[in-house]
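The values are calculated or read from the model by the stated rules, or taken from the named source; none is laboratory data. Not measured: the values here are computed from a predicted model. Cβ atoms come from the backbone with ideal geometry, glycine included; neighbour counts cover every protein chain shown. All accessible areas refer to the heavy atoms of the entire protein, side chains included, with ligands and DNA or RNA removed. Shrake-Rupley method; radii C 1.70, N 1.55, O 1.52, S 1.80 Å.
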Amino acid sequence: MENTDWKNMPFGYIKTDYNIRCLYSNGGWGTLEKSDSDYINIHIAATALHYGQEVFEGLKAYMGKDGRIRLFRWEDNARRFIHSAEGIIMPEFPVELFREALFEIIRLNRRFVPPYGSGATLYIRPLLYGSGPEVGVKPALEYTFIIFVTPVGPYFREGFKPVNMMICREFDRAAPLGTGTFKVGGNYAASLRAIIAAKRKGYSNSIFLDAREKKYIDECGPANFYGIKDNTYVTPRSDSILDSITNRSLIEIAQSMGMKTERRPVPVEELESFTEAGACGTAAVISPIAKIFDPVTNKIYEYSKDCIAGPITTILYKKLTGIQNGDEPDEFGWITIVD
Ligand code: PLP
Ligand code: COI
């Protein structure tokens, strides 16, 4: 695309050439249909509108120096899409159909894949929602799958510069036996009050605590949390957070660097002992954390005084993004080339 300022792309929606849709009715999926409209026609009683029957995924396509487009661990997204759908009683979208839609949407919108080295990527958003009408609270009989793409810059506009976060105790994102492990739209609606409260106070995002005891770190807005200390990568285990594919990858990278890794409940007080901290996810990549403010104890945990990411965070970031854009060998087998 000519005249595009790829280096200053926001994380927002830009219309591309096509999206792909697929309908589920009478107990089965139909065929993939492409559309050049970014609107949908929806029944006024669709369960998605009333009862939140909606799940989504987020993954990216990366342009390499060699001009080849790479996908990162797409099967993990396909499997999590199924896990999320099952969580709110929707039919599974088969992995093979997911693969077909994913490769086709990239091929159809190839000209929107940002160039190598621009810092921008093609964000891919599959979604699935109950499109059949119901008025009682029950699962729909009809569903719609859509996949669209849009070129994006970093989610945290600071990019790889450390950001400040605020702990939220007033609002919960998800309950322990609720929908926190599913990527359902309702979790994001539930997180808005905290995010807006944090932003009003000048913080980039909010850190959620476990809803049961308010003792442990859950996650950082739309990203998982990690802390580093004593050559160890520590990240929360919780039954109300999304199992981040980026976080799983960082754990493997850290282990391959000879670090220890721990996935366990992380008490708020432990923030004191970390030398580095970060938020990680597909959209966030790694957003290093400079400071975490706890408004209840008035404590400030600091990880970066000079606005520079810590050394381990920097190595993890370089390795992860290097694998994603093809500068580093794909030693873990995470990359699929889209031809
Ligand atoms: N946590 C939440 C709530 C998210 O929305 C995301 C984004 O998908 C993540 C964590 C990070 O997950 P992943 O690394 O799979 O993108
Ligand atoms: C992602 O990282 O892909 C996400 O889904 C986060 C999104 C809610 C912005």
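A 19 angstrom limit on the alpha carbon distance is what I want to check against. Which of K229/K260; K161/K199; K183/K229 exceed it?
K183/K229
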Worksheet item: Quick one, what does Rg over Rh come out to for region 152-311 if you take C-alpha atoms and the Kirkwood Rh?
Response: 0.93
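Ignoring ligands, DNA and RNA, what percent of the 1.4 Å accessible area of the chain is carbon and sulfur?
Values: 8000 of 15380 Å².
About 52 percent, which is the carbon plus sulfur part of the accessible surface.
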Worksheet, complete the sentence: Computed Rg/Rh for the chain (Cα atoms; Rh = Kirkwood radius) stands at 0.96
Worksheet item: Farthest toward the dipole's positive end in the chain, which of L122, L32, N205, given Cβ charges of +1 (Lys, Arg) and -1 (Asp, Glu) about the Cα centre?
Response: N205
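Over the Cα atoms of region 259-298, Rg to Rh with Kirkwood Rh, two decimal places?
So for region 259-298, dividing Rg by the Kirkwood Rh gives 0.99.
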Discussion item. With just the Cα atoms defining each centre, how far is region 219-253 from region 113-169? Give it in Å.
Written reply: 19
Worksheet item: Semi-axes of region 62-101's equivalent ellipsoid from the Cα gyration tensor, sqrt of 5 times each eigenvalue, largest first, rounded to whole Å?
Response: 27, 10, 6
Fill in: Whole-Hz ³J(HN,Hα) from phi, Karplus 6.51 cos²θ - 1.76 cosθ + 1.60, for region 130-145, glycine and proline x
x, 9, x, x, 8, 10, x, 7, 7, x, 5, 9, 10, 9, 10, 9
Worksheet item: Within region 16-108, which chymotrypsin sites (Phe, Trp or Tyr not before Pro) sit in a loop by DSSP and count at most 15 neighbouring Cβ atoms inside 10 Å?
Response: Y39
Worksheet, complete the sentence: Contact order relative to length for region 200-311, counting C-alpha pairs under 8 Å separated by 6 or more residues, stands in percent at 23
Worksheet item: Tell me, how many Å apart are the Cα centres for region 1-43 and for region 56-78?
Response: 17
Worksheet entry | Where Cα atoms sit under 19 Å apart: lysine pairs in region 1-141 separated by 8 or more or lying on different chains | 5
Worksheet item: Among T179, T150, T297, which one shows the biggest mean-square fluctuation in a GNM of the chain, springs joining Cα atoms closer than 10 Å?
Response: T297
Discussion item. Can you work out the Karplus-derived ³J(HN,Hα) for every residue in region 281-290? Use 6.51 cos²θ - 1.76 cosθ + 1.60 with θ = phi - 60°, whole Hz, and x for glycine or proline.
Written reply: x, 4, 6, 6, 6, 10, 10, x, 9, 7
Worksheet item: Once amide H atoms are placed 1.01 Å from N in the peptide plane, what residues at a sequence separation of 5 or more from L209, or on another chain, have their amide H within under 5 Å of its amide H?
Response: C168, D218
Discussion item. How large is the convex hull of the C-alpha atoms of region 107-166 per residue, in Å³?
Written reply: 133
Discussion item. Need one number: nm distance between label points at L141 and E269, each 7 Å from Cα along Cα→Cβ, rounded to one decimal.
Written reply: 5.8
Worksheet, complete the sentence: Length gained if F11 through D230 is fully extended, taking 0.36 nm per residue and subtracting the Cα-Cα distance, is 75.4 nm
Worksheet item: Rounded to the nearest 500, what is the chain's calculated 222 nm mean residue ellipticity when only DSSP H runs of at least 4 contribute -39500 (n - 2.57) each, over all residues?
Response: -7000 deg cm²/dmol
